[in-house]
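Trainee: A single structure is presented below for examination.
The values are calculated or read from the model by the stated rules, or taken from the named source; none is laboratory data. Worth saying up front: this structure is predicted, and the values here are computed from it rather than measured. When we count neighbours, we look across all protein chains shown, and the Cβ atoms used for this are built from the backbone with ideal geometry, even at glycine.
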Amino acid sequence: MLRVDVEKQLGEFSLHATFASEGRVTGLFGASGAGKTSLINMIAGLLRPDRGTIVIDGETVDDTASGIHVPTWRRRIGYVFQDARLFPHLNVAQNLDYGRRMNRLAADPAQRTRVVELLDLGALLDRRPGKLSGGERQRVALGRALLSKPRLLLLDEPLGALDEARKLEILPYLVRLRDEANVPMVYVSHDVAELRQLATQIVMLRQGRVTSFGGVKVLT
């Protein structure tokens, strides 16, 4: 479960968001500038709220009244950005292993095999990122995040930099993650069609405020 009740002033922009979600995929929907990325960065611990609380899987990771702010590296969160942010000098196999090693996790060959199969990465393991399509790079970024064994996966417009063909290529993998990976996700998008396919609950943001919360029907 994810519970958020936060306020943050960013220059002239103010963000005030309150919701509690138990969905497998919580979609953060809104126009550019609505506050989606600022909110997801607070969940990740990259931004500190001015006031409020964030609770992930029963653990309070932010509570301004009590002085609690769990650092990002201790939150057990996977973060996938719009650009895949792979290391160009490492091949796919080494990029996949990076998240596990950074989190000092023991090797788990069974999980690695499962993630490689889930995202259809087997034929790419020896390639460098420069030899991959945009959709392939995002699949590697998803795999790297999953192999860090997160309790929550944050995806900030992961299809935003892809053309329509690449979006159609990767969407089925995201649906498979939702249904098979058993890791709750927060998915940021301004694309209604994406969220209708993926999300189980929707948080609608407008000018830094939650205007609607519920099932995908709130998108209509």
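Trainee: Just name the residue that is surrounded by the fewest Cβ atoms within 10 Å (Cβ to Cβ) out of those in the range 176-198 that are farther than 27 Å from Thr113 by Cβ and of a type in the set (Asp, Glu).
Mentor: Asp191
Trainee: Out of the residues in the range 56-108 that are closer than 21 Å to Ile170 by Cα and in contact with a Phe, Trp or Tyr (Cβ under 8 Å, 6 or more places away or on another chain), which is surrounded by the most Cβ atoms within 10 Å (Cβ to Cβ)?
Mentor: Asn95
Trainee: Check whether at least one residue in the range 199-211 is surrounded by 21 or more Cβ atoms within 10 Å (Cβ to Cβ) and among the hydroxyl-bearing types (Ser, Thr, Tyr), and report yes or no.
Mentor: no
Trainee: Inspect the range 21-40 for any residue being over 20 Å from Arg209 (Cα atoms), modelled with pLDDT of 95 or more and polar (S, T, N, Q) and give the result as yes or no.
Mentor: Within the range 21-40, not a single residue is over 20 Å from Arg209 (Cα atoms), modelled with pLDDT of 95 or more and polar (S, T, N, Q).
Yes/no per residue for (1) farther than 18 Å from Leu219 by Cα; (2) surrounded by fewer than 17 Cβ atoms within 10 Å (Cβ to Cβ):
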{"residue": "Gly11", "(1), (2)": "yes, yes"}
{"residue": "Gly27", "(1), (2)": "no, no"}
{"residue": "Gly30", "(1), (2)": "no, no"}
{"residue": "Lys36", "(1), (2)": "no, no"}
{"residue": "Ile40", "(1), (2)": "yes, no"}
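Trainee: Follow-up question, since we're still on this one. So Asp83 passes all but one of these: (1) part of a loop (DSSP other than H, G, I, E, B); (2) of a type in the set (D, E, K, R); (3) at pLDDT 95 or above. Which condition number does it fail?
Mentor: Status for Asp83: all satisfied but (3).
Trainee: Kindly indicate which of Leu152, Leu171 is farther than 16 Å from Tyr79 by Cα and aliphatic (A, V, I, L, M). Walk me through how you get there before you give the answer.
Mentor: Values: Leu152 fails: farther than 16 Å from Tyr79 by Cα.
Matching residue, one of Leu152, Leu171: Leu171.
Trainee: On to the next question. Residue under question is Ala106, and the condition is that it be over 30 Å from Gly215 (Cα atoms), modelled with pLDDT of 95 or more, of a type in the set (A, V, I, L, M) and not in a strand (DSSP E or B); does it hold? Spell out the reasoning first.
Mentor: Details: over 30 Å from Gly215 (Cα atoms): yes; modelled with pLDDT of 95 or more: no; of a type in the set (A, V, I, L, M): yes; not in a strand (DSSP E or B): yes.
Taking the combined requirement at face value, the residue does not satisfy it.
Trainee: From Thr72, Thr37, Thr64, Thr18, grab the single residue that is over 30 Å from Pro129 (Cα atoms), of a type in the set (S, T, N, Q) and within 20 Å of the chain's Cα centre (by Cα).
Mentor: Working: Thr72 fails: over 30 Å from Pro129 (Cα atoms); Thr37 fails: over 30 Å from Pro129 (Cα atoms); Thr64 fails: within 20 Å of the chain's Cα centre (by Cα).
Result: Thr18 is the single residue among Thr72, Thr37, Thr64, Thr18 that is over 30 Å from Pro129 (Cα atoms), of a type in the set (S, T, N, Q) and within 20 Å of the chain's Cα centre (by Cα).
Trainee: Here is a further query. Which pairs do you get when a residue that is touching a residue at least 60 places away in the same chain (Cβ under 8 Å), found in the range 28-55, comes within reach of a residue that is charged (D, E, K, R), reach meaning Cβ atoms under 6 angstrom, with the pair 6+ apart or on two chains?
Mentor: From the range 28-55, the pairs are Leu28/Lys36; Gly30/Lys36; Gly30/Arg206; Ala34/Arg206; Thr37/Asp156; Ile40/Asp156.
Trainee: Looking at Arg166 and the list (1) more than 17 Å from Ile43 (Cα to Cα); (2) buried (at least 16 other Cβ atoms within 10 Å of the Cβ); (3) touching a residue at least 40 places away in the same chain (Cβ under 8 Å), which single condition is not satisfied?
Mentor: (3)
Trainee: Let me ask something additional. Only one of (1) in a loop (DSSP other than H, G, I, E, B); (2) under 16 Å from Glu7 (Cβ atoms) is not met by Ile54, so which one is it?
Mentor: Answer for Ile54: the failing condition is (1).
Trainee: Go through the residues of the range 114-131 one by one and say whether even a single one is over 21 Å from Leu177 (Cα atoms) and either aromatic (Phe, Trp, Tyr) or exposed (fewer than 11 other Cβ atoms within 10 Å of the Cβ) (or both).
Mentor: So the first thing to find is which residues in the range 114-131 are over 21 Å from Leu177 (Cα atoms), and the list is 126-131.
Now narrow it down to the ones that are either aromatic (Phe, Trp, Tyr) or exposed (fewer than 11 other Cβ atoms within 10 Å of the Cβ) (or both): 126, 130.
Within the range 114-131 (the criterion being over 21 Å from Leu177 (Cα atoms) and either aromatic (Phe, Trp, Tyr) or exposed (fewer than 11 other Cβ atoms within 10 Å of the Cβ) (or both)), the answer is yes, since at least one residue qualifies.
Trainee: Also: Taking the conditions exactly as written (within 15 Å of the chain's Cα centre (by Cα), buried (at least 19 other Cβ atoms within 10 Å of the Cβ) and not charged (D, E, K, R)), does Tyr173 satisfy them or not?
Mentor: Details: within 15 Å of the chain's Cα centre (by Cα): yes; buried (at least 19 other Cβ atoms within 10 Å of the Cβ): no; not charged (D, E, K, R): yes.
Judged against the criteria, Tyr173 is not a match.
Trainee: So which residues in the range 109-130 are basic (Lys, Arg) and modelled with pLDDT of 95 or more, if there are any at all?
Mentor: Here is the first cut: in the range 109-130, the ones basic (Lys, Arg) are 112, 114, 127-128.
Arg127, Arg128, listed by residue number.
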